[in-house]
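One structure is given here, and the rest of the page talks about it.
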Amino acid sequence: MTTKLNKIDMKAKQLSNSDLLITPVGFGAWAIGGSGWEFGWGEQDDKQSVAAIHRALELGVNWIDTAAVYGMGHSEEVVAFALRTWSGPPPYVFTKCGLRWDEQGYVHRSLNADSIRRECEESLRRLDVDVIDLYQIHWPTEDLEEGWGAMAQLQREGKVRWIGVSNFTVEEMRRAQAIAPITSLQPPYSLVRREVEQDVLPYCRSEGVGVIVYSPMASGLLTGAMTRERAANLPASDWRSRDLEFQEPRLSKNLALVERLRVVGIRQGRPPGQVAIAWALQNPAVTGAIVGARNARQVEGNVGAAELYLTDDEIAEIEGKNAQEPKLVTAA
């Protein structure tokens, strides 16, 4: 007999300089964009997507992160449908701009001011909202000053409440900050991708920039459901089939990491993915984590990370610091 998961008591945190109080875990709507574009996740059932969003909200999640480019507008439309058919309190809706696409689904970057304004109008229409709670530049370009100036203008006009960036370096954030304050940064952060620990996260912490991390489970690699066979058989319509982390020699290393997550999780009665998310949330610079899900069951497996505490010893165990390295045998 399975026990029904009840609403989780998630302690909301203020996102930087904004009035947004966000739960540690948010619903990530990348995969529910479906296939047919360069960074799709393969076929996706919209009914399952809507059920996943509703389940996340039932369990206490209070924000959804999407982007215009996910499914070439489809993800935003699915989010809108899910919210129209949701009777509870409305969540915050975050989306992103600066990635455009062609008819074949190939993506290019544009931070041209007119393009950003057009994207904003289109996202407002697709999402069926009067204002976007957090509007983010998806990827930087050389025109970031023009793009960030356009974002600040949209904020002044009341079309978006708060503005943030995604995938920016410290130097790029400094350039943006000279024009208008950054509410948040959205970087990739997981046990597989830790580059931001060096200077990006310390900068955000010292400057008071909120951090919402994406792919804390490394795009499904760290859930415990990804096997060698599954990775080898990902369809061509799933961008992960081209990702080096899902191929050797990195795959074996990543699957070994999952086993360490599994061992810690078993002691806590939690799946490996939750432990991976909790690991990312333990960083003091991190305000929240975007957790994607393609069905309600995945949501139920993930959201508990919001209340999972890991000890220093468990973190060291997960990171492999306690592993016994074999001693080198050297000739006398």
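The values are calculated or read from the model by the stated rules, or taken from the named source; none is laboratory data. Remember, predicted model here, so these are calculated numbers, not experimental data. Reconstructed Cβ throughout: ideal geometry from the backbone, glycine too, with neighbour counts over all protein chains shown. Just so you know, the surface numbers come from the protein's heavy atoms only, side chains and all, with ligands and any DNA or RNA stripped out. Shrake-Rupley method; radii C 1.70, N 1.55, O 1.52, S 1.80 Å.
Numerical summary
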| read-out | value |
| --- | --- |
| Alpha carbon convex hull of the chain, projected area averaged over orientations, nm² | 19.5 nm² |
| Theoretical FRET efficiency, 1/(1+(r/R0)^6), r = Cβ-Cβ of residue 179 and residue 102, R0 25 Å, to 0.05 | 0.25 |
| Residues in segment 150-167 that a label on residue 113 would reach, taking backbone N under 15 Å of a point 7 Å out along Cα→Cβ | 150-157 |
| Angstrom value of the Kirkwood radius, inverse mean 1/r, which spans all Cα pairs in segment 87-221 | 15.6 Å |
| Where GluC sites (Glu not before Pro) fall in DSSP loop in segment 62-138, at most 10 other Cβ within 10 Å | 103 |
| Hull volume in cubic angstrom per residue (convex hull over the Cα atoms of segment 1-145) | 131 Å³ |
| Exposed trypsin sites (Lys or Arg not before Pro) absent: longest stretch of the chain, with sites in DSSP loops and at most 12 other Cβ within 10 Å deemed exposed | 12-320 |
| Equivalent-ellipsoid semi-axes of segment 220-299, from the Cα gyration tensor, Å, largest first | 22, 15, 13 |
| Built amide H within the under 5 Å cut-off of residue 62, gap 5+ | 23 |
| Paired Rg and Dmax values of segment 161-202, which use every Cα atom, in angstrom | 10.9, 33 |
| Gyration tensor over alpha-carbon atoms, segment 207-253, equivalent ellipsoid semi-axes in Å | 25, 12, 10 |
| Surface share of carbon and sulfur [accessible, 1.4 angstrom probe, percent] for segment 116-261 | 49 percent |
| Net dipole in debye of the chain [+1 Lys, Arg Cβ; -1 Asp, Glu Cβ; about Cα centre; nearest 20] | 820 debye |
| Computed log₁₀ I(q)/I(0) - Debye formula, equal Cα scatterers, no solvent, segment 110-170, q 0.28 Å⁻¹ | -1.28 |
| Bins of 10 Å from zero: percent of alpha-carbon pairs in segment 172-235 | 19, 39, 23, 14, 5 |
| Karplus-derived HN-Hα couplings along segment 279-291 (A = 6.51, B = -1.76, C = 1.60, θ = phi - 60°), whole Hz, x at Gly and Pro | 4, 5, 5, 5, 5, x, 7, 8, 8, x, 10, 7, 10 |
| Under the Karplus curve 6.51 cos²θ - 1.76 cosθ + 1.60, θ = phi - 60°, whole-Hz ³J(HN,Hα) for segment 269-275, x wherever Gly or Pro sits | x, 10, x, x, x, 4, 5 |
| Electrostatic dipole magnitude of segment 52-194 [Cβ: Lys, Arg +1; Asp, Glu -1; Cα centre; debye, to 20] | 400 debye |
| In sequence order, calculated HN-Hα J values of segment 84-92 (Karplus, 6.51, -1.76, 1.60; Hz; x Gly/Pro) | 5, 9, 10, 9, x, x, x, x, 5 |
| For residue 165, distant residues with modelled amide H under 5 Å away | 137, 184, 185, 186 |
| Mean accessible surface per residue for the chain, computed with a 1.4 Å probe while every protein chain stays in place, in Å² | 47 Å² |
| Proximal lysines to residue 321, defined as alpha-carbon separation beneath 26 angstrom and excluding residues fewer than eight positions away on the same chain | 253 |
| Where Cα atoms sit under 24 Å apart: lysine pairs in segment 1-153 separated by 8 or more or lying on different chains | 4 |
| Heavy-atom accessible area order for 135, 203, largest first, 1.4 Å probe | 203, 135 |
| Amide H partners (placed H, <5 Å) of residue 112, local residues excluded | none |
